[in-house]
Amino acid sequence: MNKLIIPAIVVAAAVATPAWSQAQQPQGPRFQPKAYFEMPLEKDPTRQVRLQSVVIPAGAGNQFHRHPGDQWWAVQEGEVTYTVKGQPPRVLKAGDFVYVPRGTIHRNQNVSANSARAIELNITDKDKPQTEPVP
């Protein structure tokens with residue numbers, strides 16, 4: 001009987017683990033970034049420059065966060081609600097852009113029924129996380 005208990009526990013744990021790990025993941029649509037390039041900033045190897053396209057599905061958004069450097073963000077399609085913490089939200093439409101200075105606590109949300117697409121240029125400190133969540 002004892003020889004069957006250990007294999008039964010292992011099998012039960014293996015079956016339960018995927019369900020538990022999926023339950024721990026936030027659900028819903030997510031940003032879909034596609035980097036065009038990331039490289040050291042010329043004449044300043046302590047910083048890096050990255051250009052990326054971001055698809056923001058309907059209903060997707062991120063939490064308040066900040067970056068270890070500057071960011072320029074331009075909406076190419078759709079609408080994105082951009083909020084700096086403590087300020088009223090701004091709706092950005094195709095052709096609108098924002099400059100996000102180092103350390104600005106902000107978030108981006110697509111509250112529309114259609115996907116949105118934006119392009120980002122980031123110049124940030126090398127070897128630091130690109131995004132720091134802020135409660």
Residue selected from segment 31-50 under the condition basic (Lys, Arg) and open to solvent by less than 60 Å² (accessible area, probe 1.4 Å), by the criterion farthest from LEU121 (Cα to Cα) | ARG47
Check on ALA74, touching a Ser or Thr at 6+ places or on another chain (Cβ under 9 Å), among the small types (Gly, Ala, Ser) and either in contact (Cβ under 8 Å) with a residue 12 or more places away in the chain or not in a strand (DSSP E or B) (or both) | no
Subset of segment 27-67 [farther than 16 Å from VAL100 by Cβ and either outside any strand (DSSP E or B) or β-branched (Val, Ile, Thr) (or both)] | GLN27, GLY28, PRO29, ARG30, GLU42, LYS43, THR46, VAL55, PRO57, ALA58, GLY59, ALA60
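Just to be sure before I move on: is SER53 surrounded by fewer than 15 Cβ atoms within 10 Å (Cβ to Cβ), of a type in the set (Ser, Thr, Tyr) and within 17 Å of the chain's Cα centre (by Cα) in the structure I sent? Even if it seems obvious, please write down each step before you answer.
Working: surrounded by fewer than 15 Cβ atoms within 10 Å (Cβ to Cβ): yes; of a type in the set (Ser, Thr, Tyr): yes; within 17 Å of the chain's Cα centre (by Cα): yes.
The answer is yes for SER53.
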Any hit, segment 78-85, residues being more than 21 Å from LYS34 (Cβ to Cβ) and surrounded by fewer than 14 Cβ atoms within 10 Å (Cβ to Cβ) = yes
Would you mind telling me which numbered condition in (1) under 18 Å from LYS34 (Cβ atoms); (2) open to solvent by less than 30 Å² (accessible area, probe 1.4 Å) ASN62 fails?
-> (2)
In segment 107-135, what count of residues is obtained for those that are touching a strand residue (DSSP E or B) at 6+ places or on another chain (Cβ under 8 Å) and under 29 Å from LYS43 (Cα atoms)?
-> 12
If you take the residues of segment 86-135 that are assigned to a loop (DSSP other than H, G, I, E, B) and in contact with a Ser or Thr (Cβ under 9 Å, 6 or more places away or on another chain), which of them is surrounded by the most Cβ atoms within 10 Å (Cβ to Cβ)?
-> ASN110
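The values are calculated or read from the model by the stated rules, or taken from the named source; none is laboratory data. Everything numeric in this text was worked out from a predicted model, so none of it was measured. FYI the Cβ positions are ideal-geometry reconstructions off the backbone, even for glycines, and counts take in every protein chain you see. For the accessible areas, the whole protein counts, side chains as well, though only heavy atoms, and no ligand, DNA or RNA atoms are used. Shrake-Rupley method; radii C 1.70, N 1.55, O 1.52, S 1.80 Å.
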